[in-house]
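The values are calculated or read from the model by the stated rules, or taken from the named source; none is laboratory data. The model shown is predicted, which means the values in this text are computed figures rather than measured ones. Please note: Cβ atoms are built from the backbone with ideal geometry, for glycine as well, and neighbour counts cover all protein chains shown.
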Amino acid sequence: MSFAVAIDGPAAAGKGTISRAVARHFGFAHLDTGLLYRAVGRAVLDGSGPVSAARDLDPAALENPLLRTPEVADAASRVAVIPEVRAALLDFQRAFASRAGGAVLDGRDIGTVICPGAEVKIFVTASAEVRAQRRLDELLGRGIAAEYAQVLAEVRARDDRDSSRSAAPLRPAADAVVLDTTDLSIDEAVARATEIVAARR
Ligand code: CDP
């Protein structure tokens, strides 16, 4: 039986960590849909056209750790405004969401566009300052040089672009539970999300 958990929210809100932990807890599969857009963004930086890169996307490309750089995040949010790019990635995401045994998908439009009928929808958010600090720690931890002011500016620019685009803008679904992680530790945020999912199973 399928059971879809949609986890959306702005950059560096903690979606990835929460989604992985929820998937592990319930034995569900997990798809970080941001990686799809990052892989297309990476291909565009390498000279491909965005729509053909999205249509030809090889899921094996999602494993590339080089997709997690600020440069690729920025390129991802630029290709993500293109409706044909989003359309090309739709079937893969929907098929993943309906797989037997349950699935967690995290992104920007999972609860609104990809899985409007998801059994659980969580919108994870936090202040831009806290999100920038978390992303800074993550980048430094991976050995990528970065400084706070620049990371905050990049997070804000990407949030603006993701929220103001006409194709699948970032916003909570009407029936999403909003989880503000500004003052929560990661363990607390994971515990809340797990409770929300458990209550609907
Ligand atoms: O990890 P972080 O939240 O910083 O970014 P991500 O989830 O990897 O997403 C990178 C970019 O892809 C976002 O800024 C969005 O523009 C785009 N994206 C999207 O449009 N729709 C999704 N479902 C997931 C990501």
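When you check R161 against the structure, is it over 18 Å from G16 (Cα atoms), surrounded by fewer than 21 Cβ atoms within 10 Å (Cβ to Cβ) and near the ligand (Cβ under 10 Å from one of its atoms), yes or no? Give the steps one after another, and end with the answer.
Working: over 18 Å from G16 (Cα atoms): yes; surrounded by fewer than 21 Cβ atoms within 10 Å (Cβ to Cβ): yes; near the ligand (Cβ under 10 Å from one of its atoms): yes.
Yes; evaluated as a whole, the condition is true for this residue.
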**Request:** Taking the residues in the stretch 1-35 that are within 14 Å of the ligand (Cβ to nearest atom) and part of a helix (DSSP H, G or I) as candidates, determine which candidate is surrounded by the most Cβ atoms within 10 Å (Cβ to Cβ).
**Result:** K15
**Message:** Within the stretch 174-194, does at least one residue satisfy the condition of being crowded, with 21+ Cβ neighbours inside 10 Å, of a type in the set (V, I, T) and farther than 21 Å from A73 by Cβ?
**Reply:** yes
**Prompt:** Has the stretch 103-115 got at least one residue that is touching a helix residue (DSSP H, G or I) at 6+ places or on another chain (Cβ under 9 Å), within 13 Å of the ligand (Cβ to nearest atom) and over 30 Å from P50 (Cα atoms)?
**Reply:** no
**Request:** Could you please find all residues in the stretch 141-162 being within 17 Å of the chain's Cα centre (by Cα) and touching a residue at least 40 places away in the same chain (Cβ under 8 Å)?
**Result:** E154, V155, A157, R158, D159, R161, D162
**Prompt:** Can you name every residue in the stretch 82-91 that is over 15 Å from the mean Cα position of the chain (by Cα) and either charged (D, E, K, R) or buried (at least 16 other Cβ atoms within 10 Å of the Cβ) (or both)?
**Reply:** I82, E84, V85, A88, D91
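For L66, state whether it is in contact with a Cys (Cβ under 7 Å, 6 or more places away or on another chain) and either under 29 Å from E188 (Cα atoms) or more than 8 Å from the ligand (Cβ to nearest atom) (or both).
Details: in contact with a Cys (Cβ under 7 Å, 6 or more places away or on another chain): no; either under 29 Å from E188 (Cα atoms) or more than 8 Å from the ligand (Cβ to nearest atom) (or both): yes.
Here the answer is no, as L66 does not meet what is asked.
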**Item:** Test: residue in the stretch 144-160 that is farther than 25 Å from P65 by Cβ and among the aliphatic types (A, V, I, L, M)
**Value:** yes
**Item:** the stretch 86-97, subset out of contact with any Leu (no Cβ under 9 Å at 6 or more places or on another chain) and more than 8 Å from the ligand (Cβ to nearest atom), residue farthest from G117 (Cα to Cα)
**Value:** A87
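Filter the stretch 69-105 for residues that are part of a loop (DSSP other than H, G, I, E, B) and closer than 24 Å to E138 by Cβ and give the result.
Within the stretch 69-105, the subset part of a loop (DSSP other than H, G, I, E, B) is 69, 80-82, 89, 98-102.
Those that are part of a loop (DSSP other than H, G, I, E, B) and closer than 24 Å to E138 by Cβ: T69, A80.
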**Asked** Filter the stretch 36-67 for residues that are in a loop (DSSP other than H, G, I, E, B) and modelled with pLDDT under 95; which is surrounded by the fewest Cβ atoms within 10 Å (Cβ to Cβ)?
**Response** D58
